[in-house]
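A.B. asks: I'd like to ask some things about the structure below.
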């Protein structure tokens, strides 16, 4: 029948409208910005850099490997590697990004940078109120603006963050076990043979 889809849509709208006076579950809208719906865990907007501990620069997981910069389709990530090294979460001396910029006016939120990062240093944020009056400097985010603590990552993506922490803990345990000097399992000492003459 012609117009059947329109009638079904109007019926659904009417059911929700009149049902909203009886049941709160039928309320499909909220009074934004006073009321806010919780963001789903799979929501993503722009990337951010994860750091461990209290210091956003000393605890930064990024080691400036520049894989995300190379793999980024719109080429909105710019990384400059440091000339010196600092210890990472395992304690191994690593390079770090002296400069890490993301041009969010170009970023298409594809999450490829997250998928290719071997150090779990970059993740996707779900913040969406990011308007600015400065269309050039305001949309070029620096390392300091991008750095957010691991607790923030746990807050917005708890399941993913727990999985990442477990993987990093296993890697740290393996590195510590490998760093310990290997001690021989058992040493067999043979007694000196003495020859007696009669």
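The values are calculated or read from the model by the stated rules, or taken from the named source; none is laboratory data. Just so it is clear, the model here is predicted, and its values are computed rather than measured. Neighbour counts run over all protein chains shown; Cβ positions are idealised from the backbone, glycine included.
Condition check ((1) in contact with a strand residue (DSSP E or B) (Cβ under 6 Å, 6 or more places away or on another chain); (2) buried (at least 16 other Cβ atoms within 10 Å of the Cβ); (3) under 30 Å from residue 152 (Cβ atoms)) across all residues:
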{"position": "6", "(1), (2), (3)": "no, no, no"}
{"position": "11", "(1), (2), (3)": "no, no, no"}
{"position": "18", "(1), (2), (3)": "no, no, no"}
{"position": "24", "(1), (2), (3)": "no, no, no"}
{"position": "33", "(1), (2), (3)": "no, no, yes"}
{"position": "43", "(1), (2), (3)": "no, no, yes"}
{"position": "60", "(1), (2), (3)": "yes, yes, yes"}
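A.B. asks: Residues in the stretch 65-74 that are assigned to a loop (DSSP other than H, G, I, E, B) and surrounded by fewer than 19 Cβ atoms within 10 Å (Cβ to Cβ): how many?
C.D. replies: 4
A.B. asks: Which of the residues that make up the stretch 75-90 are out of contact with any helix residue (DSSP H, G or I) (no Cβ under 6 Å at 6 or more places or on another chain), surrounded by 12 or more Cβ atoms within 10 Å (Cβ to Cβ) and in a loop (DSSP other than H, G, I, E, B)? Break it down into steps so the answer makes sense when it comes.
C.D. replies: Residues of the stretch 75-90 out of contact with any helix residue (DSSP H, G or I) (no Cβ under 6 Å at 6 or more places or on another chain): 75-76, 78, 80-89.
Those left that are additionally surrounded by 12 or more Cβ atoms within 10 Å (Cβ to Cβ): 76, 78, 80-82, 85-86, 88-89.
Answer for the stretch 75-90, where residues must be out of contact with any helix residue (DSSP H, G or I) (no Cβ under 6 Å at 6 or more places or on another chain), surrounded by 12 or more Cβ atoms within 10 Å (Cβ to Cβ) and in a loop (DSSP other than H, G, I, E, B): 76, 82, 85, 88, 89.
A.B. asks: Filter the stretch 91-109 for residues that are exposed (fewer than 15 other Cβ atoms within 10 Å of the Cβ) and on the phi < 0 side of the Ramachandran plot and give the result. Spell out how you get there, then give the answer.
C.D. replies: Applying the first criterion (exposed (fewer than 15 other Cβ atoms within 10 Å of the Cβ)) to the stretch 91-109 yields 91-93, 98-99, 105-106, 108-109.
Matches in the stretch 91-109: 92, 93, 98, 99, 105, 106, 108.
Per-residue answers, yes or no, for (1) modelled with pLDDT of 90 or more; (2) over 10 Å from the mean Cα position of the chain (by Cα):
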position	(1), (2)
137	no, yes
143	yes, yes
147	yes, yes
154	yes, no
159	yes, yes
165	yes, yes
168	no, yes
180	no, yes
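To keep it simple, each residue is scored yes or no on (1) out of contact with any strand residue (DSSP E or B) (no Cβ under 6 Å at 6 or more places or on another chain); (2) without any contact (Cβ under 8 Å) to a residue 12 or more places away in the chain; (3) under 27 Å from residue 33 (Cα atoms).
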site: 98; (1), (2), (3): no, no, no
site: 119; (1), (2), (3): yes, no, no
site: 130; (1), (2), (3): yes, no, yes
site: 135; (1), (2), (3): yes, no, yes
site: 148; (1), (2), (3): no, no, yes
site: 156; (1), (2), (3): yes, no, yes
site: 165; (1), (2), (3): yes, no, no
